[in-house]
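First up is the structure itself, then whatever we jot down about it.
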Amino acid sequence: MQSEHKPGHSPHLAIREDWLALHTEPVLLPDLPIVDAHHHLWDRPTGRYLFDELMADLNVGHNVVATVFVQCRTMYRENGPEALKPVGEVEFINGVAAQSASGLYGAARACAAIVGCADLRLGANVAPVLEALQHAGGGRLRGIRNSTAWHADERIRSNPIQPPPGLLSDAAFRQGAAQLSRFGLSLDIWAYHTQLPEVYALARACPETVIVLNHAGGPLGAGAYAAQRREVFAIWRRDMAALAGLPNVFLKIGGLGMPVGGWDFHLQALPPSSQQLADAWKQYVASCLDLFGVQRCMFESNFPVDKGMFNYLCVWNAFKRLAAGCSPDEQDALFSGNAARLYRIVFPA
């Protein structure tokens, strides 16, 4: 289980703060509470995004009350058993959460919930790893995610380390996934639209496991799919409809700033406005809300991965534009309530 902090090629776009600063706009609905349901922290040769960088984004004007950290192979233990190396990530993030919970850095509670990593191919033997992760999380561990987004096309890469093919269909992986409900943990999954039938089969095989599908189900727009947006949308929507029929599947809406999706905002002279983002994503977000309903969806920034294409202010403004037709109660659910309930985030009294 290799760590991604070692030197090597990164599929993530470089963050250009000077370029991102070329566009600003007023914050929409500044009082609307937000739980950012998906972000990462790391210190890599390709860039640093740690507590200070996260807090700078959280403080651009939106009312971010809490965040959910999702595994990214950061700060793994250098030594010890291979299966326990990911415990180092949860130890580190729990420290960041404690720093934020001190209140010295503002009201937002960064990393209030943690999604860590345990190699689910261990099957039933993953139990002691989950116990170690829970201990390291200090009561904040809420879920597990493995690297599973895979495609045979070499041009489609979103992970610095390519996972093996067929992981979602692996019998041992499914056995490990079935263990999570015993520990009160959900399973986050990042998969491309071409893998959605595998996600469906996994969710059917593990009905007691709450599955959180990341990044709007991964509609691809790179490689062979670069000129097939209409065809991809039809296939993606069909398979998303099947997943929506399973009550144990929830959905994160976001992650639409990665090159694998075919988006190229980073090539513009100026960074995109929230209106440009909303226009580009409208059919996907509308389908997500239509299929899964507002009670099983939540918005996510996917920062710093998506920060190569747009800034934090605009991505949340875009989501607010896209949810403008929802009632106030529905907006509360999409922007904070659903994530807080799913990841059991407890706010200070």
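The values are calculated or read from the model by the stated rules, or taken from the named source; none is laboratory data. These numbers come from a predicted model, not from an experiment. Here the Cβ is made from the backbone with ideal geometry for all residues, glycine too, and neighbour counts use every protein chain on show. Remember, those area values only see protein heavy atoms, side chains included, never the ligands or the DNA or RNA. Shrake-Rupley method; radii C 1.70, N 1.55, O 1.52, S 1.80 Å.
Worth pointing out:
- The chain - Debye-derived log10 I(q)/I(0), Cα point model, q = 0.08, 0.09, 0.11 Å⁻¹: -0.34, -0.43, -0.67
- Between PRO33, PRO164, PRO271, the residue with the greatest mean-square fluctuation in the GNM of the chain (Cα pairs under 10 Å linked by springs) is PRO164.
- Axial C-alpha extent at least 30 Å, average Kyte-Doolittle at least 0.5 - helices from the chain (DSSP): none
- Percent accessible area from carbon and sulfur atoms, the chain, protein chains only, probe 1.4 Å: 54
- C-alpha center-to-center spacing [the range 10-28, the range 263-286] in angstrom: 12
- Remark: the chain carries 39 Å² of accessible area per residue (probe radius 1.4 Å; ligands, DNA and RNA excluded).
- Counted over the chain, the DSSP beta bridges are approximately 10% antiparallel.
- For the range 35-81, Kirkwood radius (reciprocal of mean inverse C-alpha pair distance, Å): 12.2
- The range 1-141 - Debye-derived log10 I(q)/I(0), Cα point model, q = 0.09, 0.17 Å⁻¹: -0.32, -1.00
- Volume per residue that the Cα convex hull of the range 246-349 spans, once the total is divided by residue count, Å³: 120
- Helical content of the chain, expressed as a calculated mean residue ellipticity at 222 nm, amounts to -9500 deg cm²/dmol (DSSP H runs of 4 or more residues, -39,500 (n - 2.57) each, divided by residue number, nearest 500).
- Mean shadow area of the range 112-173, taken as a quarter of the surface of its Cα convex hull (nm²): 5.0
- Among SER274, SER287, SER186, the largest mean-square fluctuation in a Gaussian network model of the chain (Cα springs under 10 Å) belongs to SER287.
- In range of the label at ARG155: residues from the range 255-292 whose backbone nitrogen is under 16 Å from the point 7 Å along Cα→Cβ: 259-264
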